[in-house]
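Asker: Let me give you the structure first, and then I'll get to my questions.
Any read-out appearing in this document is the output of simple, stated calculations on the displayed coordinates, not a laboratory observation. Quick caveat, the model's predicted, so the values are computed rather than measured. Cβ atoms come from the backbone with ideal geometry, glycine included; neighbour counts cover every protein chain shown.
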Amino acid sequence: MMNSELPLIIECRCNDMDYRKDNSEFPYSPKEIIREAVRAWEAGASIFHWHGRDPVSGKWLNDVELYLEVIQGIREKTDLIVDPTLGYVTTKNSAEERVRHILAAEADPALGVDMVPLEFGSFNVDFWEPETKQFTTYDQVYSNSRDRIREVLQKLNEHNIFVSTVCWDIGQIRTALCFQEMGIHSKNTLWELVFTGEIIPSGFLPTLPNLQAAISSIPSDAQWLVMCWNGDVMPLASWVITLGGHVGIGLGDWPYSRFGKPHNGELVDKIVKMAETLGREVATPAQAREILKMPQRSKLQPLTV
């Protein structure tokens, strides 16, 4: 079966950045994050990605209990594929610290995680100001050495956790392929290709030629997903759907103010409607697990919401 004949997997990217000032629907607390998970699931998402945050200030936090509370709520109310971050603010910490909340969830049979995203390289995260034509900072680096990648992969492999392959450029794709050849990174993965908007020029520019270049760099039978960090994924989404990829969208990537003050479920619904217009079925979480060759979680039955 060609990828374009497979149901479309939609990942809800809940709260990576901080757009609360633009939209009060942006979630901080575990209760708010669970609310957004349910909204996204009801709209048609099959994967849910989020970051732990201070419930009041919104500061990024990697407290284990914050993650466990969200995972429990998602498991009770949905059958979503649970995909927590490894922690944006923990990149200077040890591999053990980056996976601490993941392993805590895995220790509880009723919780667990389904997928963990891992970036395969470092990148600059200084923000560009188009009006002033200056960067707001000049020294912000997300540092992710190949040694750190190896350490984290080894920890996750010990627990047989599905790792998605997050790549911001062709070099990171090539690096991930090397890790696959080394036998450290599974070939059964979801390639998450990060395009970026105008204010963060560190990823693929969201154009069709760049999309084609990225796709041509990964194995032809691979599953792949496109997101646009700090930018609008909509212009690329129709191409992604047509070419057989999958789509990530959410308030964590962009406020989507042109739609008013949408919640995450409303953004997922826009991708669902686009897929329907283009004649492509949208995957349920169970179908997404099958497409990604993940174990089904039949022992967990979502509550009626």
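Asker: Counting only Cα, what are the radius of gyration and maximum Cα-Cα distance Dmax of the range 1-116, in Å?
Answerer: So, for the range 1-116, Rg and Dmax equal 14.4, 47 Å respectively.
Asker: What ratio of Cα Rg to 2.2 N^0.38 Å holds for the range 34-176?
Answerer: Normalised Rg, Cα atoms only: 1.13.
Asker: If you average over every viewing direction, what projected area does the convex hull of the Cα atoms of the chain give, in nm²?
Answerer: If you wrap the Cα atoms of the chain in a convex hull and average its projections, you get 14.9 nm².
Asker: Across every pair of different alpha-carbon atoms, what Kirkwood hydrodynamic radius in Å does the range 44-106 reach?
Answerer: Evaluated over the range 44-106, this radius sits at 12.3 Å.
Asker: Roughly speaking, what is the stretch gain from T242 to L208, that is 0.36 nm per residue apart minus the C-alpha to C-alpha distance, in nm to one decimal?
Answerer: 11.1 nm
Asker: Take the Cα atoms of the range 5-51, find their three principal axes, and give me the spread along each one in whole Å, biggest first.
Answerer: Largest first, the range 5-51 extends 40, 18, 16 Å along its Cα principal axes.
Asker: Considering the alpha-carbon set of the range 139-198 alone, what are its Rg and its Dmax in angstrom?
Answerer: 12.2, 39
Asker: Test of the criteria: in the range 104-141, which chymotrypsin sites (Phe, Trp or Tyr not before Pro) are in a DSSP loop and have at most 10 other Cβ atoms within 10 angstrom of their Cβ?
Answerer: Filter output for the range 104-141: Y138.
Asker: Now for a different question. K261: which lysines have alpha carbons under 16 Å from its alpha carbon, excluding same-chain residues fewer than 8 sequence positions away?
Answerer: Cα-Cα hits under 16 Å: K21, K270.
Asker: Further, regarding this structure: So if R0 is 35 Å, what FRET efficiency would S94 and S220 give, r being the distance between their Cβ atoms, rounded to the nearest 0.05?
Answerer: 0.45
Asker: Here is a further query. Over the chain, what is the percentage of antiparallel beta bridges among all DSSP beta bridges, to the nearest 5?
Answerer: 15 percent
Asker: Based on the Cβ-Cβ distance from S29 to N157, what FRET efficiency comes out when R0 is 45 Å, to the nearest 0.05?
Answerer: Computed FRET efficiency for S29 and N157 comes out at 0.85.
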